[in-house]
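Q: Got a structure for you, written out below as structure tokens; questions coming shortly.
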Amino acid sequence: MLHIAHKRVLSNNTRPKRMRKLILLILIFISGHLFSQELMNEIKFTQYLQKEAAKSNKKIRIIFFGKLILGSKFNNSSYIHNLKNDYPTYKSDPESLNGIVADLNSRIDSLYAPDPNYHIDTTKIVPLLKPKAILNSFASSDEGEWVHDSFTDELIILYVEDQDSGYLGYRFFSSEELKRSACSQENLHELALRNLNRMLPDYSGYILDQRNYRMYRNVGGEGGSKYLSSLILLPDFLNQEKNRLGQALVLGISGQSQLIIVGKKNRVGLFEVKRLAAAGYFLRKEDIITKNLFLWDGTQLKKYRK
């Protein structure tokens with residue numbers, strides 16, 4: 001009996017040792033698994049931060065420029081973000097990744113924070129045609145609504161402040177910013193048209209007459225040539241074109257700096273303009289206003305359905 005009891009004591013004493021060995025093996029396995037994971041290289045690190053920043057800053061466009069370089073764009077402001085100091089931090093301590101993301105988001109947010117003292121230059125307010133859906137895609141930095149008027153079922157008039165610098169060359173402004181100016185929403189449209197007329201006193205230099213259609217196109221980006229599609233908002237512009245052709249007009253509005261006009265009865269021209277509108281011409285995606293054509297019959301502008 002004593003011999004059996006002694007064997008049981010030995011058996012019980014070995015259990016803690018086996019448990020410690022098992023735990024040690026598990027820890028070694030987990031550690032080995034963690035350390036065997038490869039660190040992101042500089043490209044993947046940059047792409048990861050781009051995705052995370054885009055999630056947190058949905059109204060700001062985050063762009064991958066290259067290894068450890070990101071760009072951000074919102075309204076008429078754009079910035080370059082250098083990640084060369086962030087990558088060594090991540091490389092030496094991969095667990096710091098969440099903190100690096102939070103720090104980048106904070107840096108971006110601070111750059112686009114609204115300036116409560118900013119005042120719009122009302123002499124530079126001009127109208128800009130955009131698809132109505134743009135109101136669902138973007139937000140102003142101060143969460144106020146972008147100042148706009150309805151135009152057609154598909155298009156709205158967004159009011160912008162013309163600027164010489166920035167990647168757009170103009171900036172949208174919010175209703176909150178408008179309240180700080182000397183202009184009210186009620187007289188904004190008339191003011192914007194006066195400013196546009198002053199910027200484009202003569203738009204003959206932007207005409208390119210093709211065999212079957214006329215194009216108004218930007219030839220340098222200076223002044224009012226950024227707003228050529230807004231010509232259709234000017235009194236009598238469309239009727240002048242209608243009288244020139246002697247028939248109803250079909251318009252291709254493929255970008256704010258382009259306007260294509262063809263007579264409704266010109267079948268060859270219509271085919272060419274339809275092809276250009278469907279292709280978005282040569283513009284970047286964010287510049288395309290609409291792939292629809294519009295009809296001006298002398299009284300109203302509406303979608304062309306043929």
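The values are calculated or read from the model by the stated rules, or taken from the named source; none is laboratory data. The shown structure was predicted, so the numbers you read here are calculated from the model rather than taken from an experiment. Cβ placement follows ideal geometry from the backbone for every residue including glycine, while neighbour counts extend to all protein chains displayed. Note: areas computed on protein heavy atoms with side chains; ligands, DNA, RNA excluded. Shrake-Rupley method; radii C 1.70, N 1.55, O 1.52, S 1.80 Å.
Q: Looking only at the range 56-96, which residues are of a type in the set (S, T, N, Q) and closer than 29 Å to Glu161 by Cβ?
A: Ser56, Asn57, Ser72, Asn75, Asn76, Ser77, Ser78 - these are the residues of the range 56-96 that are of a type in the set (S, T, N, Q) and closer than 29 Å to Glu161 by Cβ.
Q: Considering only residues of the range 231-247 that are closer than 23 Å to Ala192 by Cα and over 32 Å from the mean Cα position of the chain (by Cα), which is modelled with the lowest pLDDT?
A: Per the criteria, the residue is Asp236.
Q: Run Thr152 past the list (1) under 17 Å from Leu233 (Cβ atoms); (2) among the hydroxyl-bearing types (Ser, Thr, Tyr); (3) without any contact (Cβ under 8 Å) to a residue 40 or more places away in the chain and report the number of the one that doesn't hold.
A: Of (1) under 17 Å from Leu233 (Cβ atoms); (2) among the hydroxyl-bearing types (Ser, Thr, Tyr); (3) without any contact (Cβ under 8 Å) to a residue 40 or more places away in the chain, only one is false for Thr152: (3).
Q: Condition check: in a loop (DSSP other than H, G, I, E, B), under 21 Å from Asn218 (Cβ atoms) and open to solvent by less than 80 Å² (accessible area, probe 1.4 Å). Does Gly166 satisfy that?
A: yes
Q: Still on this structure: What single numbered condition from (1) surrounded by fewer than 20 Cβ atoms within 10 Å (Cβ to Cβ); (2) assigned to a helix (DSSP H, G or I) fails to hold for Leu208?
A: (2)
Q: Next question, about the same structure. Looking at Val262, Val250, Val268, Val273 in this structure, which one is modelled with pLDDT of 70 or more, surrounded by fewer than 16 Cβ atoms within 10 Å (Cβ to Cβ) and not in a loop (DSSP other than H, G, I, E, B)?
A: Going through Val262, Val250, Val268, Val273 in turn, the sole match is Val268.
Q: Being among the β-branched types (Val, Ile, Thr), part of a strand (DSSP E or B) and open to solvent by less than 60 Å² (accessible area, probe 1.4 Å) is the filter here; which residues of the range 77-133 pass it?
A: Listed by number, the residues that qualify are Ile125, Val126.
Q: Still on this model: Out of Ser257, Ser225, report the one residue that is over 23 Å from Asp297 (Cβ atoms), crowded, with 16+ Cβ neighbours inside 10 Å and in contact with a Gly (Cβ under 8 Å, 6 or more places away or on another chain).
A: On the way: Ser225 fails: in contact with a Gly (Cβ under 8 Å, 6 or more places away or on another chain).
After applying the criteria, what remains is Ser257.
Q: Could you list all residues from the range 228-247 that are open to solvent by 10 Å² or more (accessible area, probe 1.4 Å), assigned to a helix (DSSP H, G or I) and either among the basic types (Lys, Arg) or free of Cβ contacts under 8 Å to residues at least 24 places away in the same chain (or both)?
A: The answer is Gln240, Lys242, Asn243, Arg244, Leu245.
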